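K.L.:
One structure coming up, written as structure tokens, with questions to follow.
The values are calculated or read from the model by the stated rules, or taken from the named source; none is laboratory data. The shown structure was predicted, so the numbers you read here are calculated from the model rather than taken from an experiment. All Cβ positions, even for glycine, are placed from backbone atoms using ideal geometry, and neighbour counts span all protein chains on display. All accessible areas refer to the heavy atoms of the entire protein, side chains included, with ligands and DNA or RNA removed. Shrake-Rupley method; radii C 1.70, N 1.55, O 1.52, S 1.80 Å.
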Amino acid sequence: MAFTRRELLKGGALVVSFSILSPLSKAFGQATAHIDPYGSPDYLDPRQLDSWVAIREDGTVIVSTGKVDLGTGIETALAQIAADELDVPFARVHMQMGHTAKTVDQGRTAGSNTLQAAGPHLRQATAAARVELLKMASTRLDVPVERLSVTDGVISDTANPSKSVSYGALIGGRRFNITIPVTGQQGGLQVAPAITPKKYTEYKVVGTSVRRVELPAKLTATFTYITDVKLPGMLHGRVIRPATTISKPLRVDASSIAGIKGIVKVVQEGTFVGVVAQTEWAAIQAAKNLKVTWSTPAPLPATREAVDAYLTTTKSFADNGPMPKGNTDAAFAQAARTFEAAYHWPFQNHAMMLPSCAVADVQADGAGGGTVTIWTGAQGPFTTRDRVSDMLGLPKRSVIVNWVEHAGCYGRLTSDDAAEDAVLLSRAVGKPVRVQWSRADEHIWEPKGPQQLMHVRVGADAQGKMIAWEYAGRTFPWTEAQGTPQLGERQIGQKNTAPYPANPVGAGAVAQLYDIPNQKVTAAYVPWPQDDPTPLRTNPLRSPGEPAGWFASESMVDEVAAAYGVDALQFRLRHLANDPRATELLQATAKQAAWRERASPSPEAGTAKAAGRGIALISRGPTLVCAIAEVEVERATGAVSVKKMTMGHDCGLIINPDGLKFQIEANVMQGVSRALIEEVKWDATGIKTVDWRTYPVITFARVPDVDIVLINRPERPASGSGEPGIVPLFAAIGNAIFDAVGVRLREGPFTPQRVKAALQSKTTATTARL
């Protein structure tokens, strides 16, 4: 097995990484609050420069990060940051990512926080390495540091350029052995003095569209995905689970597959049942034909309405949300008009293009210990390590996780089920085992983006100024959250001993972006039963909760604008008096889309094939996104076609413009698919969306044209782009449908059946309360 970048540290290469952000508690708080990153042999010390950066004799720079690249291009972007700080050619920087024995734990790759959080870590680390290299060169050349300059990894005396030394000659193949000096503690973590990195005006590589380093191999079919990993002597495994809901295996008849050539072992532990075979085909046939008698399963709630009722009536965790602003009760009493509506969004799949896959090699030592090596596409390699350590009762240092890219995950691989499956099967046979889920396994058992209910109430004065805003959301917490047992752990008897924690993000951001003096925003999380008996597991799905939350919020903003006969763009601008960034973004996006001022719906809303446009503005952390959708709706069938999306994006400093555009385009493709057709369906007997026919995603023929406006703010830190682009799409498309045909949809996805039903009933509002 060969990994061109991830295996570079073999044979004497050196690693450099570190965390000199000040305060360090903020830099690593999101990743390591649950551990002691210092003084534990299970973790690399982030204070050590050698934990982050290494330089080889040929001048190649190895930069290490606990983050991983999920197809978003952060490998390239982080390398650009390092190249700028070290003054080396971009091609000379190689990233080592997500290896639990070779990188610092920087937390899961999720929440679009890699460039926002890990980027500054690496910038500080490589800046510190440059400072140390200048000190070394000063001694070697007998020249004061202030008289030295660096070009392409070569340090020279500015007064006598013939006196020079390369990085490789200074330290190639050796360790820095430098501990970053600390000045105290904050929040339980060491605080280091900041080393000042370069100013944005000095960047040469950051801000340019460097070609993504992994794309040539992907485009020529030579890239190693997790499904391509092969080990000597590797066996193949499959897990057998009940067709619909979790129930117990009462009897496993191993003789039922005795005739299949290549069977190695039938494995049963607790409710976990699996097979190991010499070939994948034999494992597939064995899983298909193994006779298992299951206990009578608990029925699923029969309909999504039953789940809505459960969400509405079941006691929730405490509401969470920002502190109320102003006095909404008094403001509603004074409002000239009040608007109120409830919204619904269904369970949706992550719909990975490749089902879950992992390889594990468990080697027992005969004394109750041993070692575990895992190859997986997990979004949190350290989380996988910790879970497997707990599951097997082994020290963390005995479990090594090698990250290998999977083909798309969008939050799915924060729960690393296949790795646990592979570990259990490998332990049973004492050899490496590869586990590949089937498409049906993935569609049924993947932890889904949870169903959401949202209620919005707005009060406006006589002039159409919004003066009161109330938003309440209800959804399920993530059953697969960090700290809760995963599917494999539960099957071998590990119980969840505490209520599932509420999501670390809200059930949908709301219109706090706007200048509304009185606001009350809450999000409540309704727990599943303690030992959830259903395959309706829940997990973060790209920008979790927020596309649906903003769908409710921005639909309501649009409705108020339409009720007052005000253009949707102008209405938003009136409520952005104190936000020049959002104002500039709205205006730039509208200009690019050739937006013409008028009220909605369109004067042509009654035609057989009606065109409409809709706008939505969102904030996700520091990132702002504006989406303008152009749609066509066939009144006879209810079919919606999204013809064009104009996307305005402001995420502070842009590291790689083309890379950012790729991410926006990818968000549009997935967002349009989720907005128009994606929906998990089930009945009392189980999930019915089990393949691409029953759970379709859009094809390339339905992908809209995408026009992108980037606003670069190099004076601001870089913020997330992997997820924010999807957030405004549901609302923009829903608003465009209203503009086209004059009916407003409160429920997604916007299928032809729902659009046609809305046209027939002319229902434009509901006042059901949550």
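Conditions (1) in contact with a Pro (Cβ under 8 Å, 6 or more places away or on another chain); (2) open to solvent by 10 Å² or more (accessible area, probe 1.4 Å); (3) among the hydroxyl-bearing types (Ser, Thr, Tyr), marked per residue:
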position: Ala548; (1), (2), (3): no, no, no
position: Glu554; (1), (2), (3): yes, no, no
position: Ala562; (1), (2), (3): yes, yes, no
position: Phe571; (1), (2), (3): no, no, no
position: Ala577; (1), (2), (3): no, yes, no
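K.L.:
Out of Ala701, Ala736, report the one residue that is of a type outside the set (Asp, Glu), assigned to a helix (DSSP H, G or I) and modelled with pLDDT under 95.
P.N.:
Step by step, each of Ala701, Ala736 is checked, and only Ala701 is of a type outside the set (Asp, Glu), assigned to a helix (DSSP H, G or I) and modelled with pLDDT under 95.
K.L.:
I've got another one for you. Give just the number: which of (1) within 30 Å of Met352 (Cβ to Cβ); (2) not in a strand (DSSP E or B) does Ile618 not satisfy?
P.N.:
So the condition that Ile618 fails would be (2).
K.L.:
Report the residue count in the range 282-301 for those that are out of contact with any Leu (no Cβ under 9 Å at 6 or more places or on another chain) and either over 21 Å from Arg537 (Cβ atoms) or open to solvent by 50 Å² or more (accessible area, probe 1.4 Å) (or both).
P.N.:
Selection size over the range 282-301: 11.
K.L.:
Answer yes if at least one residue in the range 408-420 is among the β-branched types (Val, Ile, Thr) and farther than 13 Å from Ala101 by Cβ, and no otherwise.
P.N.:
yes
K.L.:
The conditions are (1) more than 24 Å from the chain's Cα centre (by Cα); (2) at pLDDT below 70, and Lys495 fails exactly one of them. Which is it?
P.N.:
Only one criterion in (1) more than 24 Å from the chain's Cα centre (by Cα); (2) at pLDDT below 70 is unmet by Lys495, namely (2).
K.L.:
Moving on. Go through the residues of the range 78-91 one by one and say whether even a single one is open to solvent by 30 Å² or more (accessible area, probe 1.4 Å), among the hydrophobic types (A, V, I, L, M, F, W, C) and at pLDDT 90 or above.
P.N.:
Yes: one or more hits.
K.L.:
Just give me the residues in the range 439-480 being open to solvent by 10 Å² or more (accessible area, probe 1.4 Å) and of a type in the set (Val, Ile, Thr), in sequence order.
P.N.:
Scanning the range 439-480 gives Ile444, Ile467.
K.L.:
Right, another one. Do you know which of the residues in the range 630-689 that are assigned to a strand (DSSP E or B) and small (Gly, Ala, Ser) is surrounded by the fewest Cβ atoms within 10 Å (Cβ to Cβ)?
P.N.:
Among those residues, the one meeting the criterion is Ser641.
K.L.:
Failed condition for Pro724, given (1) under 27 Å from the mean Cα position of the chain (by Cα); (2) over 29 Å from Asp69 (Cβ atoms), with all others met?
P.N.:
(2)
K.L.:
Another question about this same structure. Residues being surrounded by 22 or more Cβ atoms within 10 Å (Cβ to Cβ) and not in a loop (DSSP other than H, G, I, E, B): count how many of those fall in the range 744-758.
P.N.:
Result for the range 744-758: 2.
K.L.:
So, Val266, is that one in contact with a strand residue (DSSP E or B) (Cβ under 6 Å, 6 or more places away or on another chain), under 16 Å from Gly430 (Cα atoms) and open to solvent by less than 50 Å² (accessible area, probe 1.4 Å) or not?
P.N.:
Yes; evaluated as a whole, the condition is true for this residue.
K.L.:
Check the range 51-68 and report whether any residue there is open to solvent by 20 Å² or more (accessible area, probe 1.4 Å), hydrophobic (A, V, I, L, M, F, W, C) and either under 21 Å from Ser721 (Cα atoms) or within 18 Å of the chain's Cα centre (by Cα) (or both).
P.N.:
Looking for residues that are open to solvent by 20 Å² or more (accessible area, probe 1.4 Å), hydrophobic (A, V, I, L, M, F, W, C) and either under 21 Å from Ser721 (Cα atoms) or within 18 Å of the chain's Cα centre (by Cα) (or both), one finds none in the range 51-68, hence no.
K.L.:
Give the range 710-735 a look and list any residue that's open to solvent by 20 Å² or more (accessible area, probe 1.4 Å) and either among the basic types (Lys, Arg) or closer than 20 Å to Pro580 by Cα (or both), or say none.
P.N.:
Start the filter on the range 710-735 by keeping residues that are open to solvent by 20 Å² or more (accessible area, probe 1.4 Å), which leaves 710, 712-717, 721, 723.
Matches in the range 710-735: Leu710, Asn712, Arg713, Pro714, Glu715, Arg716, Pro717.
K.L.:
For the range 563-593, how many residues are aliphatic (A, V, I, L, M) and more than 22 Å from Val727 (Cα to Cα)?
P.N.:
3
K.L.:
Regarding Ala221, is this residue without any contact (Cβ under 8 Å) to a residue 40 or more places away in the chain and open to solvent by 30 Å² or more (accessible area, probe 1.4 Å)?
P.N.:
Yes.
K.L.:
For the range 582-600, how many residues are out of contact with any helix residue (DSSP H, G or I) (no Cβ under 7 Å at 6 or more places or on another chain) and either modelled with pLDDT under 95 or open to solvent by 60 Å² or more (accessible area, probe 1.4 Å) (or both)?
P.N.:
Residues meeting the conditions: 7.
K.L.:
Have a look at Thr103, Thr4 and point out the one that is open to solvent by 30 Å² or more (accessible area, probe 1.4 Å), under 27 Å from Lys218 (Cα atoms) and at pLDDT below 95.
P.N.:
Testing whether each residue is open to solvent by 30 Å² or more (accessible area, probe 1.4 Å), under 27 Å from Lys218 (Cα atoms) and at pLDDT below 95 leaves just Thr4.
K.L.:
Further question on the same structure: For a quick check of your reading of the model, give me the residue pairs whose first member lies in the range 736-761 and is at positive phi, whose second is part of a loop (DSSP other than H, G, I, E, B) and surrounded by fewer than 21 Cβ atoms within 10 Å (Cβ to Cβ), with beta-carbon atoms closer than 8 Å and at least 6 apart or on different chains.
P.N.:
Gly742/Pro601; Gly742/Ala605; Gly742/Gly606
K.L.:
Given (1) more than 31 Å from the chain's Cα centre (by Cα); (2) among the hydroxyl-bearing types (Ser, Thr, Tyr); (3) modelled with pLDDT of 95 or more, identify the lone condition not met by Thr208.
P.N.:
(1)
K.L.:
Same structure again: Can you pull out the residues in the range 65-77 that are small (Gly, Ala, Ser) and either farther than 14 Å from Gly119 by Cβ or modelled with pLDDT of 95 or more (or both)?
P.N.:
Gly71, Ala77
K.L.:
Going by the conditions given, is Pro529 open to solvent by less than 10 Å² (accessible area, probe 1.4 Å), modelled with pLDDT under 95, within 30 Å of Val267 (Cβ to Cβ) and of a type outside the set (Phe, Trp, Tyr)?
P.N.:
So Pro529 does not fit the description; no.
K.L.:
For residues that are touching a Leu at 6+ places or on another chain (Cβ under 7 Å), among the hydroxyl-bearing types (Ser, Thr, Tyr) and farther than 15 Å from Phe730 by Cα, tally how many sit in the range 614-631.
P.N.:
The qualifying residues number 0.
K.L.:
Which pairs turn up if I take residues in the range 52-70 that are closer than 15 Å to Arg92 by Cβ and look for partners that are polar (S, T, N, Q) and open to solvent by 10 Å² or more (accessible area, probe 1.4 Å) with beta carbon separation below 7 Å, at least 6 apart in sequence or on another chain?
P.N.:
Within 7 Å, the pairs are Gly59/Ser166.
K.L.:
Would the range 307-330 turn up any residue that is without any contact (Cβ under 8 Å) to a residue 60 or more places away in the chain, farther than 29 Å from Ala563 by Cα and of a type in the set (Phe, Trp, Tyr)?
P.N.:
no
K.L.:
I'd like the full set of residues that are open to solvent by 40 Å² or more (accessible area, probe 1.4 Å) and out of contact with any Pro (no Cβ under 9 Å at 6 or more places or on another chain), limited to the range 481-496.
P.N.:
Arg490, Gly493
K.L.:
OK, next. Yes or no: Leu676 aliphatic (A, V, I, L, M) and out of contact with any Cys (no Cβ under 8 Å at 6 or more places or on another chain)?
P.N.:
yes
K.L.:
Could we say that Ala129 is without any contact (Cβ under 8 Å) to a residue 60 or more places away in the chain, part of a helix (DSSP H, G or I) and open to solvent by less than 10 Å² (accessible area, probe 1.4 Å) here?
P.N.:
Details: without any contact (Cβ under 8 Å) to a residue 60 or more places away in the chain: no; part of a helix (DSSP H, G or I): yes; open to solvent by less than 10 Å² (accessible area, probe 1.4 Å): yes.
Here the answer is no, as Ala129 does not meet what is asked.
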